[in-house]
Each structure stands twice: as structure tokens, then as C-alpha cells.
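The structure under discussion appears below in the form of C-alpha cells.
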Amino acid sequence: MTKPMLRTALVLLASCGVANAAPKTTPAVRSIALPDATASGVSMDYIAYDREHHRVWVPAGNTGNVDVVDVTNDRVAKVGGFATSEVQRQGKTRTVGPSSATVGSGVVYVGNRGDSSVCAVDAESLRKGPCVKLESMPDALVYVGAAKEVWATTPRDRSITILDAASPSALTVKAKITLEGAPEGFALDDPHGLFYTNLEDADRTLTIDVAQRKVTRTWLSHCGSQGPRGLALDRAANVLLVACTDRVKALDVKHDGKELSAIETGAGVDNIEYAESSHELYVAAAAAAKMTIARVESNGTLKTEAVVPTAAGARNAVVTADGTAYLTDSPQGRLLVVPAAARREH
């Protein structure tokens, strides 16, 4: 080959993409530090995603704050002034405070273990509004839109406390459902007026009629002595997803809770998240330090799509519209962020 021909060939190779032949970088798992974190981290449990305002709401227990993360830029706003208190658990003293959130109509409701209250916070301005004191410490919160109610699981007295949320200027206790065990986890079928929860200490999964406020069906969860934890629902497929501490089961709600399939996820599972539009289930296992993403087929079959390494202690994911997952990492006082593209590496 002559020198002019060689130069021409090199130019052609470069123009055909040799210069761009390096592999494209895929977004990696990143973290967002939370304000006022202590040396022992930030105690977190239930977090919530506000799709209208593109914000993740993070009740940050021991700090007395609710941290609000703008998912468009990772900026964190702090809503302070929530009560905290010290409790004894397993021989250790812990500081508890705001621990759960649920998104309503222009309002985010925050449950607080520090003073057994539920408070309303304006979803736009982040101004703290009215609060109501419960008889028992709240765990999970669920906004039931059709009834304009907030349902709070109150496991210490084996009940669900129902709040009237019809008025944005007031919250009042409306009713109470007494159960035969400690409620754990939730799933809501608002169009059909059905609420699902587990009894962690009885290894049961319950269906509750929202209007009648009574248990209509009880199924064995078969999760064992540690009991069932989180719940999620695929309404189109009539499939209820029940999390045990190391796996998730798919149950047929139309056929008496028949088990359709199951996947192993690793230990340390608590709450789970389900994106109905994409039929994808997100399960973060704190002890196993990984998150499993599985697809729910129309027949209830669970198929693992990806397993992403996370961090010890990371759990309780919420997911944005584009499939980005936000996980609580209490030991490190931060959120872990898993972009949708990151799972393609695994």
C-alpha cells in the first residue's frame, strides 16, 4: 500500500468509528448523603415517592427531620420539627422519630414513632400542617384515595388506625380495626376497595374490605417463624406479591391465595416495590447487600431480570417513573440510587 493510500485508509477507519470504539459507560450506583446523620447513621423505614413533584420523601427518624430529595438534581430539602424519643429495644437505647410517609392529594402524610403521631405536610411548599396523636405507635401509612382516609398500621396494639383526611386543615381519628396479630406491610387495591396486610407474628396475609372495615380473607403466608413482611399488588393480573425475609411469593388473589411462583432474593428483605406499568418487582435484601429486579408475568410467574450489588443494610426501595430505584441505607446515613441502566451490567 502506498503512503497516500495508507493515510486515506486511516482517515476512513477513524470516520467509521474507531475513535468511538471504547465501550460506553453505564450509570453506576451512587449515593445521596442525608443531613444531620450521626455516627451510627440515620434510622429509616418506609419512604415514599411523589410522582407529581418528582420527590422522594425520607422520614429520617433519629434526626427529627423528613428529608425530601429532588430526583432531578439530587438536592435535599429538610423538613424539621418532628418529635423524637428514646426507646429500649433488645437491651439497647435507640432514638426514634419520623418513620413512614404516604403521598395523598397535594399532601404527604408522615408517621412518627417519636410521639405516635401522623402529620400532614404540604407536598409543594413542604410546610408542616396539622397532626393527630394515635393511641399506639404507627408503622406503615397508606393513603386510601377513594375514601379520603389514611390507614396506619399500629402493630403494638394489633390494629389498623383509620384517619379522616378529607380536610387538608385537619386530621382526625375515624375508626380502628382490631386484628389477631401484628400488621406488617401493605398493598392497596383502591378501585376495588381492598386493603392487604400481613400478620408478621402469625404468618398470615389478610384481605380487608375498606368500606366494611373488616377482614374478609385470611391466608397462610408460609414464610416461617420470621413471618411475612412487605406486600405489592399487580391488579391487572390479580397477583399479590408477599415478601418473606429471603424470598418473594406470587399469590393468586382470585383463587384463595394459591401460590403461583416464588424467587429467592437473599436475606434481609423488608418492604418491596412494584412498578405496575412495567410489571417489575424491586426487592432490596439488606443482609445480602443486593437488589433483585424481577418481572411478573401475566400468569403470576416471577422471573429474575437482574441482581444488583448494593450495600449491607440497604433496603426498602421506591422507584421513579423511569425505573430508578432509591434505597434506604441507614448504617451509612444515605440513600443509594440505582439507575435503570445500572442493572444492565449485572
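The values are calculated or read from the model by the stated rules, or taken from the named source; none is laboratory data. Values in this document were obtained by computation on a predicted structure and should not be read as measured data. Backbone-built Cβ (ideal geometry, glycine too); neighbour counts: all protein chains shown.
Of note:
- Counting only strands (runs of 3 or more DSSP E) wholly contained in region 64-141, the ones carrying 2 or more residues that are β-branched (Val, Ile, Thr) and touching a residue at least 12 places away in the same chain (Cβ under 8 Å) occupy 65-70, 76-79, 92-96, 98-103, 107-112, 117-122.
- Residue selected from region 285-307 under the condition in contact with an Asp or Glu (Cβ under 8 Å, 6 or more places away or on another chain) and in a strand (DSSP E or B), by the criterion farthest from Gly185 (Cα to Cα): Glu305
- The criterion of being outside the structural domain of Arg156 (by TED's automatic domain parsing) and touching a Pro at 6+ places or on another chain (Cβ under 9 Å) holds for Leu199.
- Candidates Thr304, Thr216, Thr207, Thr245, filtered to the one that is more than 16 Å from the chain's Cα centre (by Cα) and surrounded by 15 or more Cβ atoms within 10 Å (Cβ to Cβ): Thr207
- Whenever a residue of region 34-61 is in contact (Cβ under 8 Å) with a residue 40 or more places away in the chain, its partners that are of a type in the set (Asp, Glu) and crowded, with 22+ Cβ neighbours inside 10 Å, lying with C-beta atoms within less than 6 angstrom and at least six residues away or across chains, give the pairs Leu34/Asp67; Val58/Asp67.
- Residue tally, condition hydroxyl-bearing (Ser, Thr, Tyr), farther than 23 Å from Glu124 by Cα and surrounded by 12 or more Cβ atoms within 10 Å (Cβ to Cβ), over region 86-104: 1
- Count of residues meeting criterion [touching an Asp or Glu at 6+ places or on another chain (Cβ under 8 Å) and either on the phi > 0 side of the Ramachandran plot or surrounded by 20 or more Cβ atoms within 10 Å (Cβ to Cβ) (or both)] in region 248-259: 3
Each row is one residue, and each column tells you yes or no for (1) among the hydrophobic types (A, V, I, L, M, F, W, C); (2) assigned to a strand (DSSP E or B); (3) without any contact (Cβ under 8 Å) to a residue 24 or more places away in the chain.
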{"site": "Trp219", "(1), (2), (3)": "yes, yes, no"}
{"site": "Ser225", "(1), (2), (3)": "no, no, yes"}
{"site": "Pro228", "(1), (2), (3)": "no, no, no"}
{"site": "Thr245", "(1), (2), (3)": "no, no, no"}
{"site": "Ala250", "(1), (2), (3)": "yes, yes, no"}
{"site": "Asp256", "(1), (2), (3)": "no, no, no"}
{"site": "Ser261", "(1), (2), (3)": "no, yes, no"}
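- Check on Glu184, in contact with a helix residue (DSSP H, G or I) (Cβ under 8 Å, 6 or more places away or on another chain) and farther than 18 Å from Glu273 by Cβ: no
- Subset of region 142-151 (residues that are assigned to a strand (DSSP E or B) and of a type in the set (D, E, K, R)): Glu149
- Of the criteria (1) modelled with pLDDT of 95 or more; (2) surrounded by 14 or more Cβ atoms within 10 Å (Cβ to Cβ); (3) out of contact with any Asp or Glu (no Cβ under 8 Å at 6 or more places or on another chain), which one Ile32 fails: (3)
- Qualifying residue in region 143-155 (condition: closer than 16 Å to Ala187 by Cα, in contact (Cβ under 8 Å) with a residue 40 or more places away in the chain, of a type in the set (A, V, I, L, M) and crowded, with 20+ Cβ neighbours inside 10 Å): yes
- Among the residues of region 307-346, just one is crowded, with 21+ Cβ neighbours inside 10 Å and acidic (Asp, Glu), namely Asp329.
- If only residues of region 43-63 that are of a type in the set (Ser, Thr, Tyr) and not in a loop (DSSP other than H, G, I, E, B) are counted, the one that is nearest to Val132 (Cα to Cα) is Thr63.
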